[in-house]
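Structure record follows, encoded as structure tokens.
The values are calculated or read from the model by the stated rules, or taken from the named source; none is laboratory data. Just so it is clear, the model here is predicted, and its values are computed rather than measured. In this analysis, Cβ positions are derived from the backbone assuming ideal geometry, glycine residues included, and neighbour counts consider all displayed protein chains.
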Amino acid sequence: MSRLQSLFERKKQDALNVYFTAGYPALDDTGKIIRALDNAGVDLIEVGMPYSDPLADGPTIQESGQQAIQNGMTLPLLFEQIAEAREHTDIPLVLMGYFNPVMQYGEQRFFDRCAAAGIDGLILPDLPVYEYENFYREGIEKAGLDISFLITPQTSDERIRQIDALSTGFVYMVSNSAITGAKSGISEEQIAYFERIRSMQLESPRLIGFGISSHETFQTACQYANGAIIGSAYIRALGEGQPVEEATHQFVQQILKTPIPQD
Amino acid sequence: MIAVDERGYYGEFGGAYIPEMLYPNVEELRQRYLEIMQEDIFQKQFHRLLRDYVGRPSPLYLAERLSEHYNTNIYLKREDLNHTGAHKINNTIGQILLAKRLGKKRIIAETGAGQHGVATATVCALMGMPCVVYMGAVDIKRQAPNVSRMRMLGAEVRPAESGSRTLKDATNEAIRDWINNPVDTHYIIGSAVGPHPYPDMVARFQSVISEEMKWQLEEHTGSTKPNAVIACVGGGSNAAGAYFHYLNEPDVRLIAVEAAGKGVHSGESAATSVLGTKGIIHGSRTLLMQTKDGQIVEPYSLSAGLDYPGIGPMHAHLIASGRAEAISITDEDALKAAYFLSKKEGIIPALETSHAFAALDVMEYNSSDVIVICLSGRGDKDLETFINHFDDYQNGDL
Ligand SMILES: Cc1ncc(COP(=O)(O)O)c(C=O)c1O
């Protein structure tokens, strides 16, 4: 069983997935951030590969990616950092990134290197289901990686079923029709969408992401799914200049509002 | 046979590499564009507007003084005489009719030189639809007259402030707007780029250029076929239209002219066929300028409409397969060609189009050849640039 599968076996509710952009704020923060998130009680971590043209992302993630690229982040370096971090933790790690850098690295080489570095799953938002099935599924499976696809409020039921069947990690529920970025609350329309998907009884665990930024929005999302994903709000917290450990500790505490286990 | 397959591939190029948020809109287009475009009523409306509103057919003009200078036979396909001054309107007329047919209420577009933005703002005024045009902050400065035109036509021009603040970034912002407005909005892409079905759809709307060229050439020369068709390539829409009906006529040379900026290897260039490698840009698998890590490189050309780090997938396929010949032209040579054409033929071309004319100085041809140049647009919008460099040209300093 993969790390992701055993996580959702163990934890069917309130799973907290936090996203960060690798190479931000500083080039060598990756290991520090993974350790801090792990210590703070996060359940899984989404490591963002910075990209020059992230079409589905709002200003916060765009700017963190720009900074990370300027800092010198590249895929080979990121793999080294993750392999090193993996020696100290068992937390599930999901790599999230746009497909162009994957193509340049070499697709199969990328999948194999991910597995070797200790990555558990992939989110490749601009790799379409059709191209995945026809060109890449075999290679990703062979490498032993899980994959998660996105659904949105506009995704048809038929396609949701297809995406559910293809996703091996979790289904990534985009919370609203928008690019990433922290929003103030969750609307009734969004709740209706969450309920609709919940009633479909998908096989895969569901995590809700985009616009989750606070204890309240996290809790609301968790009522309708197995957990939620926070990105932009954490990037902003990291950008405020505090040391990574403290910023992370405070941030996760604010989201969970429960005592954090000490180790 | 050169044609797109059902999934949007020309050979290995094309497809629709888009985030799921865009899938319903793009899929709706994919399933319906051909059927709608083939409807009688659509064809009638489209061709009536092209005739009565755009002023088509655009003339095919035998440029005698230019022909004499180059010692060959040069015809100009006068897309510059279209309403709004470029080929871009052929596509926007088609797409606005399609958007209406799909029940869309709001239009967005990206623009580089502003020609596509103006052509989109124009058809939105014509149809009474709200229009938002994304334009790089750099381009807003260098194409000021077109910004004013768009505003006067009722469009909102939103500056793209990310990245190089040019066409690539304006396209990113338009795509993000579409993600945020998935139900009521249609995105009118201005070139033969983007996820399938855009490259094919735009090529089909622009194909009126070569459709007319065929019968016009026959009237002039007795044959529907020239020896060569020359077009400048930004994303590749005027070229796609000018090539379309000759794609499967291997004895017609297709010449694609790109912007070399300050020189292909100067680090300030947009010559994608030379500098580009295979990858994904704006949802399409094609050739693009990127680092070895797969970060998209910021291109450069004096001409805003060619200042784009990719080319459409059809052109990537044509060039990679050897069907089309690519030529790169520098800013300076494009400027010289613009001044030369102005004096020789009394036609001031757009800076983009000027690149196509400069190709005459470097390509090979015979004196008996018939060469058609797609005169994609007029130079009014570039007057300031032309004025700024005119003294240098006169003094022989270009
Ligand atoms: C007059 C003119 N020609 C050519 C182009 C380049 O675009 P494309 O390659 O799509 O024809 C532009 C773009 O703005 C233009 O305004």
### Task
Considering each of A:Ser64, A:Ser52 in turn, give the residue that is within 25 Å of A:Leu256 (Cα to Cα), within 14 Å of another protein chain (Cβ to nearest Cβ) and modelled with pLDDT of 95 or more.
A:Ser64
### Query
Mind checking which residues of region B:317-333 are of a type in the set (A, V, I, L, M, F, W, C) and either touching a helix residue (DSSP H, G or I) at 6+ places or on another chain (Cβ under 8 Å) or within 13 Å of the ligand (Cβ to nearest atom) (or both)?
B:Leu318, B:Ile319, B:Ala324, B:Ala326, B:Ile327, B:Ile329
### Message
Just checking, does region A:75-97 include any residue being among the β-branched types (Val, Ile, Thr), within 13 Å of chain B (Cβ to nearest Cβ) and assigned to a helix (DSSP H, G or I)?
### Response
no
### Query
Which of the following residues is more than 28 Å from B:Ile281 (Cα to Cα), assigned by TED's automatic domain parsing to the domain that holds B:Pro250 and within 13 Å of the ligand (Cβ to nearest atom): B:Gly305, B:Gly379, B:Gly346?
B:Gly379
### Task
Kindly check whether there is at least one residue in region B:101-115 that is more than 12 Å from the ligand (Cβ to nearest atom), within 25 Å of B:Glu384 (Cβ to Cβ) and in the same structural domain as B:Glu27 (by TED's automatic domain parsing).
no
### Query
Which residue pairs have Cβ atoms closer than 7 Å, lie 6 or more positions apart in sequence or on different chains, and pair a first residue in region B:190-204 that is more than 14 Å from every other protein chain (Cβ to nearest Cβ) with a second residue that is basic (Lys, Arg) and within 14 Å of the ligand (Cβ to nearest atom)?
B:Gly190/B:Lys88
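Yes/no per residue for (1) assigned by TED's automatic domain parsing to the domain that holds B:Asn172; (2) more than 16 Å from the ligand (Cβ to nearest atom); (3) in contact with an Asp or Glu (Cβ under 6 Å, 6 or more places away or on another chain); (4) not in a loop (DSSP other than H, G, I, E, B):
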| residue | (1), (2), (3), (4) |
| --- | --- |
| B:His220 | no, yes, no, yes |
| B:Tyr243 | no, no, no, yes |
| B:Pro250 | no, yes, no, no |
| B:Ala260 | no, no, no, yes |
| B:Thr286 | no, no, no, yes |
### Message
Taking the criterion of being surrounded by 23 or more Cβ atoms within 10 Å (Cβ to Cβ), among the hydrophobic types (A, V, I, L, M, F, W, C), within 22 Å of B:Gly241 (Cβ to Cβ) and more than 12 Å from the ligand (Cβ to nearest atom), would at least one residue in region B:72-89 satisfy it?
### Response
yes
### Query
Out of region A:98-123, which residues are part of a loop (DSSP other than H, G, I, E, B) and either surrounded by 24 or more Cβ atoms within 10 Å (Cβ to Cβ) or charged (D, E, K, R) (or both)?
A:Tyr98, A:Ile119, A:Asp120
### Message
Any residue at all in region B:156-167 that's within 13 Å of chain A (Cβ to nearest Cβ), within 21 Å of the chain's Cα centre (by Cα), of a type in the set (Val, Ile, Thr) and surrounded by 20 or more Cβ atoms within 10 Å (Cβ to Cβ)?
### Response
yes
### Query
Can you name the number of the only condition in (1) closer than 27 Å to B:Asn366 by Cα; (2) within 15 Å of the ligand (Cβ to nearest atom); (3) charged (D, E, K, R) that B:Glu64 fails?
(2)
### Task
Say whether the condition of being more than 14 Å from chain B (Cβ to nearest Cβ), modelled with pLDDT under 95 and in contact with a strand residue (DSSP E or B) (Cβ under 6 Å, 6 or more places away or on another chain) is met by at least one residue in region A:25-41.
no
### Query
Within region B:268-283, which residues are of a type outside the set (S, T, N, Q) and within 14 Å of chain A (Cβ to nearest Cβ)?
B:Gly276, B:Lys278, B:Gly279, B:Ile280, B:Ile281, B:His282, B:Gly283
